[in-house]
Amino acid sequence: MTRPRTARSLVLAVTTALAAAALAVPARAETDADAQAQAQARHRGPARSLPAVTPRAETPVLHDDDAGGNADADDPAIWRNAAAPGRSLVIATAKEGGLRVYDLDARPVQSIAAPPADGPDDAPGRFNNVDLVQGLRLSSGRADLAVTSDRGHDRLRFYRIDRDRAGGPLTDVTDPAAPAVFSRDQAEINDQRTAYGLATWTDPASGKSFALVSRRERTSIALLELLPAAGGKVTYRTIRTLDLPATFRLPNGTSWAPCGEPGELPQVEGMVVDPANGTLYAGQEDIGIWRLRADLTGTPKLLDKVREYGVPGVYDEETEECTPGADPGFGGTRISSDVEGLTLVTESDGDGYLLASSQGDNTFAAYDRELADRNEYEGGFRVASASGALDGSEECDGAAALNAPLGSKYPNGLLVVQDGHDAPGDGDRPATNFKFVDLGPVLDALDD
């Protein structure tokens with residue numbers, strides 16, 4: 001979960017020449033009147049006008065404290081049981097609490113602990129994001145896998161999925177020799193600028209499977225090829241990396257970077273790949289949503305900006321927060337930082353939606369999945385309370401959608417969203433969980 005910003009400098013160098021090309025100054029600079037009109041539109045409370053959907057179920061609450069095992073709900077994935085769709089699973093990360101597996105009633109099926117720290121002064125395991133790979137070829141045969149980013153150890157972890165296994169559906173098949181994703185040694189791992197966001201992708205042309213992994217407090221994304229290892233284990237190798245911009249040229253000719261603690265760059269977390277065309281969508285939390293090739297070649301395009309894009313700020317060392325200045329009006333109108341929780345709603349005809357969690361105003365934005373339509377904005381919605389006992393979703397970190405029948409409970413498909421503030425809660429204890437939402441009403445809300 002992204003808490004209030006504790007660090008990012010106001011003046012940062014552009015990371016690549018690619019960034020400059022992607023963000024060149026428009027031919028016509030906006031006037032002050034244009035900027036003010038856009039700024040006013042961004043602050044009119046758009047969340048109130050969006051349609052609301054309600055959850056059908058929620059998982060047991062997790063508590064990010066010592067008594068709760070430092071478990072913090074973050075990112076879900078939906079595994080469909082093709083033989084018995086009603087027995088499908090939701091696999092979700094709980095950070096230092098490891099992994100949780102739920103059935104379609106949102107009841108716990110399995111809990112997997114994150115790996116312990118390598119040494120007394122080292123960081124413990126911390127599972128940040130999760131995604132799935134179907135039918136990966138292993139030395140022991142093909143298998144469906146849950147893949148998670150272990151931020152604590154800067155590694156990927158792999159779990160084979162077997163719904164009917166006696167000890168639980170997930171089995172760890174990570175190669176013990178799997179390398180660190182970004183760090184050169186344990187000291188760098190302990191700095192925790194490590195594996196963070198995650199999306200998987202199988203290239204239909206080659207049949208090879210990959211993971212796209214972002215780096216915490218940096219703008220980097222790495223492309224890793226997933227490989228079989230001895231004994232039915234899984235490892236990976238780095239193919240290439242790409243750095244998104246850290247500073248941006250505004251239409252008025254000035255340079256801007258989001259405010260934060262000195263030394264931190266605007267990171268990426270939410271990511272998803274469209275399997276039909278190999279397009280990666282990446283949410284740079286304080287910037288917006290990027291569209292780029294999943295093989296990390298070509299030029300990234302900034303699909304939409306957060307409302308706060310271009311707003312100056314001053315970092316306060318005492319409060320560890322930023323005080324924003326006047327909005328110059330260069331941001332977007334649909335999403336508020338942090339932008340997180342990207343997921344796809346796919347349809348057989350190639351249509352569908354890219355959904356994004358707009359954490360700053362507790363809403364979700366939908367964009368057309370088709371590139372021919374330039375991923376135009378299609379609307380949004382809120383996940384609101386169903387009752388006093390079943391609340392909605394606030395400050396959503398992660399989301400997963402599956403547009404396929406899942407038995408009698410979700411014949412229209414399922415949307416699972418993280419709730420960063422579960423209510424009614426338990427006093428002052430941090431409380432998070434996951435909400436299960438029938439996908440049918442979501443699609444109806446977007447079609448209206």
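Taking the range 377-398, which residues are more than 11 Å from Pro424 (Cα to Cα) and hydrophobic (A, V, I, L, M, F, W, C)? Passing the criteria: Phe381, Val383, Ala384, Ala386, Cys396.
Taking the criterion of being part of a loop (DSSP other than H, G, I, E, B) and open to solvent by less than 10 Å² (accessible area, probe 1.4 Å), the residues of the range 225-245 that qualify are Leu244, Pro245.
Residues that are assigned to a loop (DSSP other than H, G, I, E, B) and open to solvent by less than 10 Å² (accessible area, probe 1.4 Å) within the range 79-93 comprise just one, Ser88. Any residue in the range 334-343 that is open to solvent by 20 Å² or more (accessible area, probe 1.4 Å) and in a loop (DSSP other than H, G, I, E, B)? Taking every residue of the range 334-343 in turn, at least one turns out to be open to solvent by 20 Å² or more (accessible area, probe 1.4 Å) and in a loop (DSSP other than H, G, I, E, B).
If you scan the range 299-308, which residues turn out to be open to solvent by 50 Å² or more (accessible area, probe 1.4 Å) and of a type outside the set (Asp, Glu)?
Selection gives Thr299, Lys301, Lys305.
Taken over the range 94-107, the residue count meeting the criterion of being closer than 17 Å to Cys396 by Cβ and either in a loop (DSSP other than H, G, I, E, B) or open to solvent by 20 Å² or more (accessible area, probe 1.4 Å) (or both) is 3. The residue list Phe210, Phe248 contains one member that is touching a helix residue (DSSP H, G or I) at 6+ places or on another chain (Cβ under 9 Å) and either modelled with pLDDT of 95 or more or surrounded by 23 or more Cβ atoms within 10 Å (Cβ to Cβ) (or both), which is Phe248.
The values are calculated or read from the model by the stated rules, or taken from the named source; none is laboratory data. These numbers were taken from a predicted model, which means no experiment stands behind them. Glycine gets a Cβ as well: all are built from the backbone with ideal geometry, and neighbour counts include every protein chain shown. These accessible areas exclude ligands, DNA and RNA; they are computed on the full protein's heavy atoms, side chains included. Shrake-Rupley method; radii C 1.70, N 1.55, O 1.52, S 1.80 Å.
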